[in-house]
1. Filtering segment B:201-236 down to residues that are assigned to a strand (DSSP E or B) and closer than 18 Å to B:K191 by Cβ, which residue is nearest to the other protein chains (Cβ to nearest Cβ)?
2. For segment A:61-79, give me each residue that is over 12 Å from the mean Cα position of the chain (by Cα) and either in a helix (DSSP H, G or I) or under 15 Å from A:W36 (Cβ atoms) (or both).
3. Looking at segment A:33-53, which of the residues that are outside any helix (DSSP H, G or I) and over 20 Å from B:Y126 (Cα atoms) is nearest to the other protein chains (Cβ to nearest Cβ)?
4. Within segment B:1-29, which residues are buried (at least 19 other Cβ atoms within 10 Å of the Cβ) and outside any strand (DSSP E or B)?
5. State which residue pairs qualify: first residue within 11 Å of chain A (Cβ to nearest Cβ) and inside segment B:246-260, second residue in a helix (DSSP H, G or I) in any location, beta carbons under 6 Å apart, and separation of 6 or more residues or different chains.
6. Of the residues in segment B:168-203, how many are of a type in the set (K, R), at pLDDT below 95 and surrounded by 13 or more Cβ atoms within 10 Å (Cβ to Cβ)?
7. Would you please list the contacts, defined by Cβ atoms under 7 Å and residues six or more apart or on different chains, that run from a residue in segment B:139-156 that is in the same structural domain as B:C182 (by TED's automatic domain parsing) to a residue that is surrounded by 10 or more Cβ atoms within 10 Å (Cβ to Cβ) and not in a helix (DSSP H, G or I)?
8. Condition first: over 23 Å from B:I269 (Cβ atoms) and touching a residue at least 60 places away in the same chain (Cβ under 8 Å). Now tell me which residues in segment B:19-61 satisfy that.
Amino acid sequence: MQREDIKEIIFKSIREETEFGGDIDESMSANDIEGWDSLAHVRIIFRIDHYLNTQIDLNSTYATETIIDLIELFIEEIK
Amino acid sequence: MRIIEIYSENGEKSLKAAVIGTCRVANPLNKLRENNNAKVLWAHSGFAHSIHDAIQWVSLIKNKKVVPKGLYQLIFGRTFDELKGTETEKNFMRGLELFNSCDILLLEISSNKRVHTKNFDFNSNYLNNNFIRPGGIEILNWWSKVCKGGEIGKEEIENCTNKISEKKLFTKKDAKMILSECKMTIDENEKMLESINILKNDLEHLECVIIVNPDPSYSDVSRFLSNECRKNKDFKYLDPNTLIKKFKVEEVFMGKGKDKNHYDEDFNIKVGEHIRKFIFSNERILSDF
């Protein structure tokens, strides 16, 4: 799976869980996206997991600051 | 929940503290043990985030509420068998004896979000790890609707109940109850204060010390509680940011400062000392607001 595919899945999961309708950029963080609170964060990660068929360590996702970090984390997870 | 005896800097005084919260209070106070500045007298598995979790913990230790076998994972984080649940009653009896002789309640309020059924409050982390994630996509879809306040039909509850019981995660009866009743509600500040006062009135013998979540996203809640403490003096108030601001973020939190939910292993002792100094001081409030 290419980086671009993973990015799209992450964007899609963020939109589904937050219902955020604005533009999403990979340099954004949770603070930039309305609805991305602590509970939504977990749901976003579980949804990405579902689409990518992964089972990421939730704790590792708390150390991500931007969506770029999240993309990189899932790229590593898929390897 | 823990009951910890904490000793003053010169060792002349001690306070017996009932501690309810997360690893952000448990780990720092545990660290105090290394220099013989504290002793854990009693502990039970399970963290609390909201004021409602805390109220439930007090009800449990006072034996006013009993957790059914099937809900252990969502309240204590571990199963009935893992926790040797048959000994829980005895353990809580011992806890109650100590609780009644406590001097202070160290109460960390780290969330204004409440996850609950009619009779029980669930720890959202435990629900995530023990119910939603292992349940699969159908359960995640159910949880998304719960969090967004959406309608959930009988058929969906039936399907999800079957999924959970097929995977032998919970009994059919417990799964159905959780899926039908579970709600996520967010406390307004005034409502939270009301709940704090209910707890305080129930525990008149204890001095209540509220410790807040240092995450900036909770600053509205922290500002409110800080102001209420100034106005009413009903409880002492400690904002860990009064310590954190003196250090680089990389030194404070795990993941080189990125994981704001967990203090760095070496920083825990500093937080523990900060709490200890505060509870033995005459100050009622340590806040930046």
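1. So in segment B:201-236, the residues assigned to a strand (DSSP E or B) come out as B:207-212, B:236.
Checking the rest, the ones that are also closer than 18 Å to B:K191 by Cβ come to B:208, B:210, B:212.
Working: B:C208: 25, B:I210: 19, B:V212: 15 Å.
Going through the qualifying residues, I end up with B:V212.
2. Going residue by residue through segment A:61-79, those that are over 12 Å from the mean Cα position of the chain (by Cα) are A:63, A:76-79.
A:E76, A:E77, A:I78 - these are the residues of segment A:61-79 that are over 12 Å from the mean Cα position of the chain (by Cα) and either in a helix (DSSP H, G or I) or under 15 Å from A:W36 (Cβ atoms) (or both).
3. Initially, segment A:33-53 is screened for residues outside any helix (DSSP H, G or I), giving A:33-37, A:53.
Going one step further and asking which of them are over 20 Å from B:Y126 (Cα atoms), we end up with A:33-35, A:53.
Numbers: A:I33: 12, A:E34: 12, A:G35: 9, A:N53: 11 Å.
By that ranking, first place goes to A:G35.
4. B:M1, B:G21, B:T22, B:R24, B:V25, B:A26, B:P28, B:L29
5. Every condition considered, the pairs that remain are B:K256/B:E250; B:G257/B:V249; B:G257/B:E250; B:D259/A:Y62.
6. Start the filter on segment B:168-203 by keeping residues that are of a type in the set (K, R), which leaves B:168, B:172-173, B:176, B:183, B:191, B:200.
Checking which are at pLDDT below 95 leaves us with B:168, B:200.
Cutting the leftovers down to surrounded by 13 or more Cβ atoms within 10 Å (Cβ to Cβ) gives us B:200.
Residues that pass the stated criteria total 1.
7. B:W142/B:I152; B:K145/B:I152; B:V146/B:C182; B:V146/B:K183; B:V146/B:M184; B:C147/B:M184
8. B:G46, B:H49, B:S50, B:I51, B:H52, B:D53, B:A54, B:I55, B:Q56, B:V58, B:I61
The values are calculated or read from the model by the stated rules, or taken from the named source; none is laboratory data. Since we're looking at a predicted model, the values are computed, not measured. FYI the Cβ positions are ideal-geometry reconstructions off the backbone, even for glycines, and counts take in every protein chain you see.
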